[in-house]
Ligand SMILES: C[S@@+](CC[C@H](N)C(=O)[O-])C[C@H]1O[C@@H](n2cnc3c(N)ncnc32)[C@H](O)[C@@H]1O
């Protein structure tokens, strides 16, 4: 069985591998980083092939909201769910973005003013690992701005803040560090040699620049197409809608740890989020449970004849554990949900620029499983 799927699969079009620079239809796709993010072009092509305008499209592992955003831009209606609060913030931010740059700037000015009136944080209540990333004054203003956005349920500006939280570039708020997964780069950029990288960073101009980037191109979002976005795991999914298509990319077993890898942004969203230390281990059982929940909770809402399109890692190597998520998931789905018929399998090589870990681990090839409900 292992490897069989890959050999019967047809190759993805070459354009799926090309750089997405200049072809994203909305800069909102680049609002903030998220590991395991789908390329917008792939989402767009899958939606174009397997759905029609007006259709209800379900993404129950929405991550950064690539599929929901493309769905709405293509005139489909969207239902989006994920367990990760950062994923829900990003998905909502993209779908709830103010209609214009002017409106976004106005909203920003209000939030900044209100955040400056908030009371100051006692530094001692902030965990040391968080404090290590920021100048104390920058941390104060970032936290107060985050709290203001959380209180006003302003997911858009909250996502903008999280997007500029850590990096080594001057437009970001932290001391020199990596962008995707947060690590300090203080050895590469010692304070004595690069004192400017350790100075206080003013929030306002950096957020204004962020907004300008977010609105560089792309139209406004038709909110009437957004049916529901919520932090719900697939095991608890209950819908009031029949769906025309499910297009989604489930978590890659063993490969990515969405909480740990987003730990600094997650801490800003939820100060009680802890336990970032354990390394991802064998998640086979957990993945099987997610597949079962998907089969019993999501597929029952799919209309007869509707497509279920899953973008899944082909082989995952991690910590000497080799798994074949696509094979395993397909076998499990068709056993637990006999009404599903495999229509097509598409094989996509993931170029290094699209992989969050470029050496050794994680997945190098993904399969698009196209199933149809009989
Ligand atoms: C491969 S990512 C999705 C990426 C997304 N398509 C994008 O473009 O950003 C898989 C997502 O599944 C979510 N997830 C993991 N377990 C879940 C569960 N039991 N129920 C719902 N979502 C889950 C993770 O938080 C992660 O965001």
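Every number in this text was worked out from the coordinates using simple rules, so none of it is lab data. Treat the numbers as computed from the prediction; the structure is a model and nothing was measured. FYI the Cβ positions are ideal-geometry reconstructions off the backbone, even for glycines, and counts take in every protein chain you see.
Angle, helix 40-50 long axis vs. longest principal axis of the chain, Cα atoms, 0 to 90°, nearest 10?
Here the helix axis deviates by roughly 30 degrees.
Taking only the alpha-carbon atoms of the stretch 119-165, what semi-axes of the equivalent ellipsoid follow from 5 times the gyration tensor eigenvalues under a square root, in whole Å, largest first?
19, 12, 8
Restricting the calculation to Cα positions, tell me the Rg (one decimal) and the Dmax (whole number) of the chain in Å.
Rg and Dmax of the chain, Cα atoms, are 21.0, 66 Å.
On C-alpha positions alone, give me the angle between the axis of helix 203-214 and the longest principal axis of the chain, in degrees, nearest 10.
30
FRET efficiency for residue 344 and residue 186, Cβ-Cβ distance as r, R0 = 51 Å, nearest 0.05?
FRET efficiency, residue 344 to residue 186: 0.55.
Find how much the distance from residue 241 to residue 119 grows on full extension, using 0.36 nm per residue of separation minus their present alpha carbon separation; answer in nm with one decimal.
39.5 nm
Where Rh denotes the Kirkwood radius from the mean inverse Cα pair distance, what is Rg over Rh for the stretch 101-214?
0.97
Going 7 Å from the Cα of residue 152 along its beta-carbon direction, which residues of the stretch 70-103 have the amide nitrogen within less than 13 Å of the resulting point?
Under 13 Å, as judged by backbone N against the label point of residue 152, lie 98, 103 of the stretch 70-103.
Report, as a whole number in µm² per second, the diffusion coefficient that Stokes-Einstein gives for the stretch 89-130 at 20 °C and 1.002 mPa s using the Kirkwood radius over alpha carbon pairs.
In µm²/s, the coefficient is 165.
Suppose only helical runs count, i.e. DSSP H with n ≥ 4. What mean residue ellipticity at 222 nm does that imply for the chain under -39500 (n - 2.57) per run, divided by all residues and rounded to the nearest 500 deg cm²/dmol?
-9500 deg cm²/dmol
When the Cα atoms of the stretch 34-185 are enclosed in a convex hull and the volume is divided per residue, what value in Å³ results?
130
How big, in percent, is the set of alpha carbon pairs in the stretch 210-266 lying more than 19 Å apart?
Counting pairs separated by more than 19 Å, the tail of P(r) holds 61 percent.
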